[in-house]
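Nothing in this text is a laboratory measurement; each read-out follows from the coordinates by a stated rule. Just so it is clear, the structure is predicted and the values come from calculations on it, not from any experiment. Ideal geometry is used to build each Cβ from the backbone, glycine not excepted, and the neighbour counts take in all protein chains shown.
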2 protein chains.
Amino acid sequence: MVKAARKDALENRARIIEVARREVAASGVAELRLNAIAKEAGVGQGTLYRHFPTRETLLVEVYRQEVDDLVGLAPRLLETAEPVDALAQWFDQVAEYARVKRGVLAAVEASVWRGITNRSLGPIGDAITLLLDAGRAAGQIREDVDAGDVIVLIGYLSRLDEDEWSRRAHRPLRIVLDGLRRR
Amino acid sequence: MVKAARKDALENRARIIEVARREVAASGVAELRLNAIAKEAGVGQGTLYRHFPTRETLLVEVYRQEVDDLVGLAPRLLETAEPVDALAQWFDQVAEYARVKRGVLAAVEASVWRGITNRSLGPIGDAITLLLDAGRAAGQIREDVDAGDVIVLIGYLSRLDEDEWSRRAHRPLRIVLDGLRRR
DNA sequence: ACCTGAACACCGTTCAAGT
DNA sequence: ACCTGAACACCGTTCAAGT
């Protein structure tokens, strides 16, 4: 219970994110009850809405670390592997994150589904573009694809049940990868 | 207002489906309010639940015609085209249905996401299996894929906005198709 | 047997009142 | 400035009472 107003707000915000992160890890994105998060975080619902006007803005914060990790991984993979192999490894990492933090991709996908004028597909989109461009330059990736195509195709990862994971996660990724190759 | 009980029930059921179908066509699957459907159909909510215990059972009926069309199309395409081409044409038809009746695939997908013991993927799954098997027999399709892989990959079609359609519908399908080819 | 619709439960969202 | 939490809106689902 700190007095300084500004500090209060920041702490509230941090606590909301922390609680939401824990809740999502435990029960998944779909189960995320905003009112419950507010209560657990010890704030009023209005405070949650002040900090996060939409459900999505909250989820972006919840997954910020994971998204940053994935974005940072792309250029590093390109330093040590052929572009297509880098893409394959990056896919594997996405799958791994999606398994542990179901819904890492959910927020990303949302940006693709909506709006004609989505100038950017966000950081994840940029990472994919980087990988695709490198692959194209090396003649390994087909010319006619963009990051949005890849995002819609790998989005299934955020909807797989834990049960289905081992059976369904990796094979479709391989299909996508092979489909992206230059023929 | 017919008296015969059995007939009454059948008529109610038919009217519910009809209203739901119109509503889905107008506003999409996501906007489907079950209580509103009941009211519009002139029945109590309980009656709707008697006939359709879950939202999904209603949607299956709403899309029955379209699903039947797609299932019937697969063997016919195989009569006149090489398996991979048949698959390509079948994909195009799925895309076309998904555009007009957003959510044709939604009910189908649900069967994939849930349950370890999904012995069957339903009629759509059977149709895809037919196409894949023919392709494998002809040496055109890779050995290590099944209908479930294809369903999770093409599921994005049911989530595309109308705006995004022209830009995003077909290219990912091509990627999937090429990824399914034997290399 | 089948149907009705009030009532309950649940969750997101707003806003008047507080500090 | 920022926060609280009662209150409202909305929708799915149930069930006692009707026919």
Quiz item: Sorted from shortest, what are the nm distances separating the label point of B:G42 from equivalent points in the other copies, each placed 7 Å from Cα along Cα to C-beta?
Solution: 5.9
Practice problem: Show the residues, 5+ positions off or on another chain, whose built amide H is closer than 5 Å to the amide H of A:I141. | Solution: A:R136, A:R182
Exercise. Treating only the Cβ atoms of Lys and Arg (+1) and Asp and Glu (-1) as charged, compute the dipole magnitude of the range A:121-163 about its Cα centre; round to the nearest 20 debye.
Key: 160
Quiz item: Placing a label point 7 Å from Cα toward Cβ, how far apart in nm is B:H170 from its equivalents in the other copies, listed shortest first to one decimal?
Solution: 3.5
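Would you mind ranking B:S158, A:S166 by Cβ crowding within 10 Å, fewest neighbours first? Don't skip to the answer; put the middle values down first.
Values: B:S158 17, A:S166 10.
Fewest-to-most Cβ neighbours within 10 Å comes out as A:S166, B:S158.
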Quiz item: Say the dipole of the protein assembly as shown comes from +1 at the beta carbon of Lys and Arg and -1 at that of Asp and Glu; which of B:A9, B:L130, A:S158 then lies farthest toward its positive end?
Solution: B:A9
Quiz item: Where does the Debye-calculated log10 I(q)/I(0) of the range A:1-53 sit at q = 0.18, 0.20, 0.24, 0.27 Å⁻¹, using only Cα point scatterers of equal weight, no solvent?
Solution: -0.54, -0.65, -0.88, -1.05
Quiz prompt | Positive-end extreme of charge dipole, the protein assembly as shown - chosen from A:V29, B:L87, A:Y97 (charges on Cβ) | solution = A:V29
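Which helices, taking whole DSSP H runs in chain B, have alpha carbons extending 27 angstrom or more along the helix axis plus mean Kyte-Doolittle at least 0.5?
Values: long enough: B:5-27 (33 Å, -0.55).
Answer set is empty.
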Quiz item: What residue among B:A20, B:T57, A:V43 has its Cα farthest toward the positive end of the dipole of the protein assembly as shown, where the charges are +1 on Lys, Arg and -1 on Asp, Glu, each on the Cβ?
Solution: A:V43
Quiz prompt | Cα radius of gyration and Dmax for chain A (Å) | solution = 18.5, 64
Self-check item: CD proxy at 222 nm, helix term only [per DSSP H run n ≥ 4: -39500 (n - 2.57); per residue of chain B; nearest 500]
Solution: -22500 deg cm²/dmol
Practice problem: Using R₀ = 35 Å, calculate the FRET efficiency as 1/(1 + (r/R₀)^6) where r is the Cβ-Cβ separation of A:R182 and B:Y49; round to 0.05. | Solution: 0.05
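Taking the Cβ-Cβ separation of A:R167 and B:W165 as r and a Förster radius of 35 Å, what is the calculated FRET efficiency to the nearest 0.05?
Numbers: r = 31 Å, r/R0 = 0.88.
E(calc), rounded to 0.05, equals 0.70.
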Quiz prompt | Ascending list, in nanometres, of distances separating the A:R55 label from those of the other copies (7 Å, Cα toward Cβ) | solution = 1.0
Quiz prompt | Pairs of Lys in the protein assembly as shown closer than 25 Å at Cα, counting only those 8 or more apart or on different chains | solution = 6
Quiz item: Say R0 is 51 Å: what FRET efficiency, to the nearest 0.05, do A:D146 and B:E11 get from their beta-carbon distance?
Solution: 0.50
Self-check item: Cα extents of the protein assembly as shown along the three principal axes, largest first (Å)
Solution: 73, 55, 39
Quiz item: Could you give the dipole magnitude of the protein assembly as shown about its Cα centre, charging the beta-carbon of Lys and Arg +1 and that of Asp and Glu -1, in debye to the nearest 20?
Solution: 1100
Quiz item: Which chain B residue hugs the B-A rotation axis most tightly by its Cβ, and what is that distance in angstrom, to the nearest whole number?
Solution: B:G179, 2
Exercise. Mind putting a number on the dipole of the range A:1-71 about its Cα centre? Charges go on the C-beta only, +1 for Lys and Arg and -1 for Asp and Glu, and I need it in Debye to the nearest 20.
Key: 420
